[in-house]
Amino acid sequence: MAPLNYYLVLSAVIFAIGVAGVIVRRNVIVILMSVELMLNAVNLTFLAFARSFGSMDGQVIVFFVMTVAAAEAVVGLAIIIALFRHRRSLDPREMQLLKW
Amino acid sequence: MTLFIILAVLTVVSSLLVIFQRNVVHSAVALVAALFFIAVLFLTLDAPMIGILQVLVYAGAIMVLFLFVIMLLNPAALEPRQIPWWTLGSAAALLLVFLLMPALLNTVAPRQAAPAGPGFGSPELLGQTLFGSFVLPFEIASVLLLVAIIGAVVLAKKES
Amino acid sequence: MMIDIGIIAAKAFLVLFMVLNLAGVLGWIERKGSALIQDRIGANRASIFGFAGMGLVNTLIADPIKFLTKEDFIPPKGDRFLHTLAPCLALFPALVTFAVIPFGDVLVVAGREIVLQVANVNIGILYIFAMASLSVYGIVIGAWASNNKFSLLGGVRGAAQMVSYEIAMGLSVLGVLMIFGTLELQEIVRAQGGLLGGWLPAWGIFLQPVAFLLFFTAAVAETKRIPFDLPEGESELVAGYHVEYSGAKFLMFFTGEFAEIVTAGALVTTLFFGGWQVPYLMRDGFHLPWGGTLLLPHLVVVLLQVGAFAVKVIFFCWVQILLRWTLPRFRYDQVMRLGWKMLLPVALLNVVVTAVWIVLGERASLRP
């Protein structure tokens, strides 16, 4: 196994890519996918720490993160389908009815 | 070590492709690849159960759902690239990495790569931990999933 | 060390070789079998010097040559890269699942114990489900990359159908896993070597009959063949997700489908029909429950086990082909209703009943 720091750095890079994706993309689906990428980066950190502490708790947390991610993806995609029916577009800039 | 570097490069490249591909389906395929490589990284961390669950849940279910929705809505046009946002996004990402880097590099593992005990990451141990000290969160997670199912059906159902 | 790697490579090669060839032979069985069912003669034209070999020349030599020399057509407005990637994604999962399926017990050669299974993973059955869940991509991506409305419809149907039936399939296996208390396939097969009440082999089908019906139905739905061939549905979608595929790429989809049939057959055999177990055959020979004993040399025992596994797998492949040529196709809403409103609740009920049964202490007498 590579040292813990390597895993942490890799996970930070993936997380940053996810952040950039949320900012730069103009498609709700891709934004949701970038969020998934961020969640996975965090999972990697949890598992790296679980391995170096020799404790199963980290793995259990990852299990819960996956559950939440599944729920989040399902509800998010349902919202996207509902939005698309009303607006015929996936561009987040057009969803501005509540914008002040 | 070599394995880690190969996997890390593959993961980062496919994550970058998720952002840089202008076509939604290409982004989704790149994300599937990234998730698959992350699953293999999980295997190198003595978490075989979680690695398989990653493939099963993420690649096998969540991403299929994404592709399903993409094909259902079938958005035709390619997304235009907007330079100001791209600059802002890359700057934010780079800043984040550079701010985090010193802290991450100075992190000292308490027992650097302690030898994993027998059965570490096995389904038995995961199950015992899950139904031992994490029973309450586990039950709450099941309620969360139920809420998500009902919510998704209500949201996506056509108003008659 | 080198010998170990060599043994593993040899096992992997052997299994891959057998599965691919069985998939090819199934093509012949399907054409001749359907002819038998429909009272026709079937493939008989191609011959080498007048030798047609019951259509074997036609399906095993002429057909592949035709496929491999055909023009590889990619739709001009389709997606070149994904169009090529999709058939690989369709074939890959069907082949790698075989890595964890045990095809025999332990073979002892020159004091070295060789477990007849390519990889003994402690999460074997989950690995199979993970890989099987990846087989959706071949269809979805191929359908989208073709840029054709028929294939897109087929792809959407395929994605929804396969995700739905995966859930029923996973839940139906849960009962079996609870009975045997392990995820390792080799352990599951070993546990089926016991006897129930002194004479009945402790096969999964006798312990979990409902799970068998659910699993087999879901497995047929996963292979996307009649009565569940909605993603292809010739009369509605021309050929569904592979409308725009020709030549070698179509051959890959085709081989993938047959490899999936073999996988489904092997899984049913392993989980419910004792895998490589032959009733009353122990490691040193037959021990009949009514007293007879027939000692056999080690090699004969191993060959009997591997042969039993092969016979069972081929039998279930034949059952699937029989199903395909005797049943009509479902309507799409019927497929969804069957999956979500019938298989899923029954599978959940089966899990609860099994759990209660185990807790009530039946385990002591029934668990092998």
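Before moving on, here are some points about what is shown:
- Cross-link pairs C:K149/C:K341; C:K11/C:K224; C:K32/C:K249; C:K224/C:K341 - those with Cα-Cα distance over 27 Å: C:K149/C:K341; C:K11/C:K224
- The convex hull drawn around the Cα atoms of region C:92-163, when projected onto a plane and averaged over every direction, covers 6.1 nm².
- Both numbers refer to the Cα atoms of region C:1-149; Rg and Dmax are 20.2, 61 Å.
- Shape category assigned to region A:4-95 from the gyration tensor of Cα positions, a/c cut at 1.5: oblate
- In a fully extended conformation the segment linking C:L295 and C:Q334 would gain 8.7 nm over its present Cα-Cα distance, using 0.36 nm per residue.
- Dipole in debye (nearest 20) - the protein assembly as shown, about Cα centre, beta carbon charges: Lys, Arg +1; Asp, Glu -1: 1100
- The listed peptides C:327-340, A:48-61, ordered by packing as a protection proxy, come out as A:48-61, C:327-340 (highest mean of other Cβ atoms within 10 Å first).
- Cβ crowding within 10 Å ranks B:I52, B:I150, C:I321 as B:I150, C:I321, B:I52, fewest other Cβ atoms first.
- Close amide H contacts of C:V108 (hydrogens built in the peptide plane, cut-off under 5 Å, sequence separation of 5 or more or a different chain): C:I114.
- Taking 15 Å as the cut-off, no amide N atom of region C:5-49 comes nearer than this to a point 7 Å along the Cα-to-beta-carbon line of C:F315.
- Region C:246-368: C-alpha gyration tensor shape, a/c 1.5 cut-off, then a/b vs b/c: oblate
- Chain B: C-alpha gyration tensor shape, a/c 1.5 cut-off, then a/b vs b/c: oblate
- Relative to the compact-globule estimate of 2.2 N^0.38 Å, the Cα radius of gyration of region C:74-366 comes out at 1.09.
- Average partner coverage of C:115-124, which counts Cβ from other chains inside 10 Å: 2
- Calculated on the Cα set of the protein assembly as shown, radius of gyration then Dmax: 25.9, 89 Å.
- Chain C - percent relative contact order, Cα under 8 Å, separation 6 or more: 22
- Relative packing of A:5-11, C:301-307, A:91-97, A:18-24, which averages over residues the other C-beta atoms within 10 Å, highest first: A:18-24, A:5-11, C:301-307, A:91-97
- With the charge dipole of region A:4-95 set up from +1 on Lys and Arg Cβ and -1 on Asp and Glu Cβ about the Cα centre, the Cα lying farthest toward the positive end among the listed residues A:S89, A:Q59, A:I31 is that of A:S89.
- Tilt relative to chain C, helix C:2-37 - C-alpha long axis, 0 to 90 degrees, to 10: 60
- Near C:L196, the amide H atoms lying under 5 Å from its own belong to C:A202; only residues 5 or more places off or on other chains count, and H is placed 1.01 Å from N.
- Based on every Cα atom in region C:185-279, Rg and the maximum pairwise Cα distance Dmax equal 17.7, 57 Å.
- Between the Cα long axis of helix C:149-180 and the first principal axis of chain C there is an angle of about 0°, rounded to the nearest 10.
- Under 5 Å, built H, 5+ apart or other chain: amide partners of C:M282: C:H287
- Shielding of B:36-48 by partner chains, average beta-carbon count, 10 Å: 5
- Across peptide B:130-142, the mean count of Cβ atoms from other chains lying within 10 Å of each residue's own Cβ comes to 3.
- Cβ-placed point charges (K, R +1; D, E -1), dipole of region C:74-366 about Cα centre in debye, nearest 20: 340
- Neighbour-count ranking [beta-carbon atoms within 10 angstrom, fewest first] of A:E72, C:E260, C:E113: C:E113, A:E72, C:E260
- Between 0 and 90°, nearest 10: helix C:209-222 axis offset from chain C longest Cα axis: 20
- Of the residues C:L271, C:L299, C:L230, the one that moves most in a GNM of chain C with alpha-carbon contacts below 10 Å is C:L299.
- Phi angles of region B:9-14 translate, via the Karplus equation with coefficients 6.51, -1.76, 1.60 and θ = phi - 60°, into HN-Hα couplings of 4, 4, 5, 5, 4, 6 Hz per residue; Gly and Pro are given as x.
- J(HN,Hα) series, region A:42-50, from Karplus relation 6.51 cos²θ - 1.76 cosθ + 1.60, nearest Hz, glycine and proline x: 5, 4, 4, 4, 4, 5, 4, 5, 4
- Estimated purely from DSSP H runs of n ≥ 4, each contributing -39500 (n - 2.57), the mean residue ellipticity at 222 nm for the protein assembly as shown is -22000 deg cm²/dmol once divided by its residues.
- Neighbour counts of other Cβ atoms within 10 Å put C:T270, B:T129, C:T97 in the fewest-to-most order B:T129, C:T97, C:T270.
- When each of the peptides C:281-288, C:262-269 is scored by the mean number of other C-beta atoms lying within 10 Å of its residues, the order from highest to lowest reads C:262-269, C:281-288.
- Among C:F273, C:F17, C:F129, residue whose mean-square fluctuation peaks in a GNM of chain C (springs only between Cα atoms under 10 Å): C:F17
- Whole-Hz Karplus values for region C:127-138 come out as 4, 4, 5, 4, 5, 5, 5, 7, 5, 5, 4, x Hz, taken residue by residue from phi with 6.51 cos²θ - 1.76 cosθ + 1.60 and θ = phi - 60°; glycine and proline positions read x.
- Among B:L104, B:L67, B:L45, residue whose mean-square fluctuation peaks in a GNM of chain B (springs only between Cα atoms under 10 Å): B:L104
Bear in mind these aren't lab numbers, they're just calculated from the coordinates by the rules spelled out. Source: prediction; values computed, not measured. In this analysis, Cβ positions are derived from the backbone assuming ideal geometry, glycine residues included, and neighbour counts consider all displayed protein chains.
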